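The values are calculated or read from the model by the stated rules, or taken from the named source; none is laboratory data. These figures come from a predicted structure and were not determined experimentally. Glycine gets a Cβ as well: all are built from the backbone with ideal geometry, and neighbour counts include every protein chain shown.
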Amino acid sequence: MTIPATQTKIAQLAPVLITGGGRRLGRHAAETLADSGQPVIITYRTERPELDLLRAKGITTLQADFTDEAHILDFIQRLKNATLCLRGIIHNASDWLPDQQDLKSASENFQHLFTVHMLAPLLINQACEPLLLAYQGQRDIIHISDAVVQKGSKKHGAYVATKAGLESLTQSFAARFAPNIKVNAIAPALIMFQPNDDAAYREKALKKSALQIEPGAEVITQTIQYIMDNRYLTGVILPVEGGRSVI
Ligand SMILES: NC(=O)c1ccc[n+]([C@@H]2O[C@H](COP(=O)([O-])OP(=O)(O)OC[C@H]3O[C@@H](n4cnc5c(N)ncnc54)[C@H](OP(=O)(O)O)[C@@H]3O)[C@@H](O)[C@H]2O)c1
């Protein structure tokens, strides 16, 4: 299909927003999209030297901590000052916090994870609908969830519950924003170990999937690109989990 020249021009100008784009999966997606000529805006919570490499590629970096409603609304205002339109939004920011024993900490933990995984995507999607509609090409919202939603977790129940909420929001926003904006989710299992994961943990984690590999961030970036290229996909939660469900 030939893309009309006007649409190509707008595609070159409308950025994709990636939350939590300063490291690991978010950073890989940001760099790959930027290298392909797609303008990118990322949010980061923590300033680190590597962010300068992203800035050198022309990626816009906005500081944002999605810990409460006020910070999320402040970020939305600064985003609107930075761009008039958006090609897409990838909700990648996440905290993998373990459950807490004492009730006060458990409550604070749940509230925090709810705010990062559900409230921030909800408010950003709602507030950014006009920015997405201002772009004249295909528009995408992608929520990054977690395959563990299908099973639950003994140690990360609040994390999983709020990711399940994010998957539910995927379907609701897909219905609400149709036919103008596609809304999908990606549900990864093990993609990248944390540097401090020990050998025993790594071995146990690898055995949970049929393919038994640590695939790296590339498989998530590929899935993001697949969703963005596909014009007949909305309201879908795509597992990227190396065959966990078949063993
Ligand atoms: N890695 C895996 O194997 C795996 C498996 C299943 C699902 N996932 C999902 O894939 C996504 C990316 O995974 P990852 O391993 O790259 O995650 P990660 O290394 O933990 O990075 C998460 C990102 O979210 C940002 N963030 C955390 N708390 C935030 C807050 N309160 N406000 C704003 N930003 C915040 C972090 O910012 P700073 O670094 O700037 O602080 C960081 O850039 C996540 O949604 C995760 O749940 C990953």
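Can Ser245 be described as surrounded by fewer than 19 Cβ atoms within 10 Å (Cβ to Cβ), among the small types (Gly, Ala, Ser) and over 25 Å from Phe110 (Cα atoms)?
Yes: the conditions hold for Ser245.
Let me spell it out: the conditions are (1) crowded, with 21+ Cβ neighbours inside 10 Å; (2) within 13 Å of the ligand (Cβ to nearest atom), and Arg139 meets all of them except one. Which number is the exception?
(2)
Would you check if Ala210 is within 25 Å of Gly243 (Cβ to Cβ), assigned to a loop (DSSP other than H, G, I, E, B) and at pLDDT 95 or above?
Values: within 25 Å of Gly243 (Cβ to Cβ): yes; assigned to a loop (DSSP other than H, G, I, E, B): yes; at pLDDT 95 or above: yes.
It is true that Ala210 is within 25 Å of Gly243 (Cβ to Cβ), assigned to a loop (DSSP other than H, G, I, E, B) and at pLDDT 95 or above.
Taking Gln63 and the conditions (1) within 9 Å of the ligand (Cβ to nearest atom); (2) under 30 Å from Ala134 (Cβ atoms); (3) crowded, with 16+ Cβ neighbours inside 10 Å, which numbered condition does it fall short on, given that it satisfies the others?
Of everything listed in (1) within 9 Å of the ligand (Cβ to nearest atom); (2) under 30 Å from Ala134 (Cβ atoms); (3) crowded, with 16+ Cβ neighbours inside 10 Å, Gln63 misses just condition (3).
Which residue out of Ala205, Ala200 is farther than 24 Å from Gln225 by Cα, within 11 Å of the ligand (Cβ to nearest atom) and over 20 Å from the mean Cα position of the chain (by Cα)? Even if it seems obvious, please write down each step before you answer.
Details: Ala200 fails: within 11 Å of the ligand (Cβ to nearest atom).
Going through Ala205, Ala200 in turn, the sole match is Ala205.
Among the residues of the stretch 175-207, write down those that are surrounded by 15 or more Cβ atoms within 10 Å (Cβ to Cβ), out of contact with any Ser or Thr (no Cβ under 8 Å at 6 or more places or on another chain) and more than 30 Å from Leu132 (Cα to Cα).
Matches in the stretch 175-207: Met192, Ala205, Leu206.
Please return the ranges of strands (runs of 3 or more DSSP E) entirely within the stretch 32-151 where 3 or more residues are not hydroxyl-bearing (Ser, Thr, Tyr).
40-44, 88-91, 140-144
Being closer than 30 Å to Asp35 by Cβ, part of a helix (DSSP H, G or I) and not small (Gly, Ala, Ser), is that true of even one residue in the stretch 182-201?
no
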